[in-house]
Ligand code: PRP
Ligand code: MN
Ligand code: MG
């Protein structure tokens, strides 16, 4: 897998540092509340685990699975709900955990879904934010890194469902997807 990476952007250690920092910020901000942490599958799987280990607050955990890239490098523009949230959302303080905010479409869709279900508050914690990719107006509340406008994989992020298990985030060689 390493051979397909042009450049490592965030190493295993840098990511661990970011997860720790964000987990501590969340611990401070959510002290005395009982939030519901919702991990956005599949991309957020690794980041969710690492943030949760640093999150020292009574919290519920759930998952939602949405997809819009379908393995490719460009958003299809349409967010498909693959797996619904099973928890009761009404009146809850929600922390959405994402791997990356790019066009913002996924996040906008999820925030709307949670608001329709009666969430009291929705905050977003993302490892990566790509502000240059934005098509719709959404913002993350907790950000690990601002990422340049490149197609990145690793640590949960995929191309064609591969590379999610890389322990770092890197830029994929264009030769891999320009075939
Ligand atoms: C990716 C990524 C985010 C979303 C961000 O998910 O994990 O959820 O796209 O892009 P956006 O801001 O342009 O909407 P993807 O659709 O690839 O599904 P996956 O997480 O299962 O890989
Ligand atoms: Mn995703
Ligand atoms: Mg994907």
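Readers should treat all values here as calculations from the given coordinates under stated rules, not as data from a laboratory. Nothing here was measured: the structure is a model prediction, and the numbers come from that model. For neighbour counting, all protein chains shown are included, and Cβ atoms are generated from backbone atoms with ideal geometry for every residue, glycine included.
So the values come out like this:
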{"read-out": "All strands (runs of 3 or more DSSP E) inside the range 73-149 with 2 or more residues being closer than 25 Å to residue 27 by Cα, more than 14 Å from ligand 2 (Cβ to nearest atom) and touching a helix residue (DSSP H, G or I) at 6+ places or on another chain (Cβ under 9 Å)", "value": "93-101, 121-129, 142-146"}
{"read-out": "Residues (surrounded by fewer than 15 Cβ atoms within 10 Å (Cβ to Cβ) and either within 16 Å of ligand 3 (Cβ to nearest atom) or within 13 Å of the chain's Cα centre (by Cα) (or both)) located in the range 163-176", "value": "165"}
{"read-out": "The range 151-173: number of residues that are part of a loop (DSSP other than H, G, I, E, B), away from ligand 2 (no atom under 16 Å from the Cβ) and in contact with a strand residue (DSSP E or B) (Cβ under 7 Å, 6 or more places away or on another chain)", "value": "2"}
{"read-out": "Count of the range 80-113 residues which are within 15 Å of the chain's Cα centre (by Cα) and crowded, with 20+ Cβ neighbours inside 10 Å", "value": "14"}
{"read-out": "Residues of the range 27-51 that turn out to be within 15 Å of the chain's Cα centre (by Cα) and surrounded by 16 or more Cβ atoms within 10 Å (Cβ to Cβ), as a count", "value": "14"}
{"read-out": "Top-ranked residue in the range 58-68 [being in contact with a strand residue (DSSP E or B) (Cβ under 9 Å, 6 or more places away or on another chain) and in a loop (DSSP other than H, G, I, E, B); ranked as farthest from ligand 3 (Cβ to nearest atom)]", "value": "59"}
{"read-out": "Filter result for the condition that a residue is out of contact with any helix residue (DSSP H, G or I) (no Cβ under 9 Å at 6 or more places or on another chain), assigned to a helix (DSSP H, G or I) and within 23 Å of residue 95 (Cα to Cα), over 20, 24", "value": "24"}
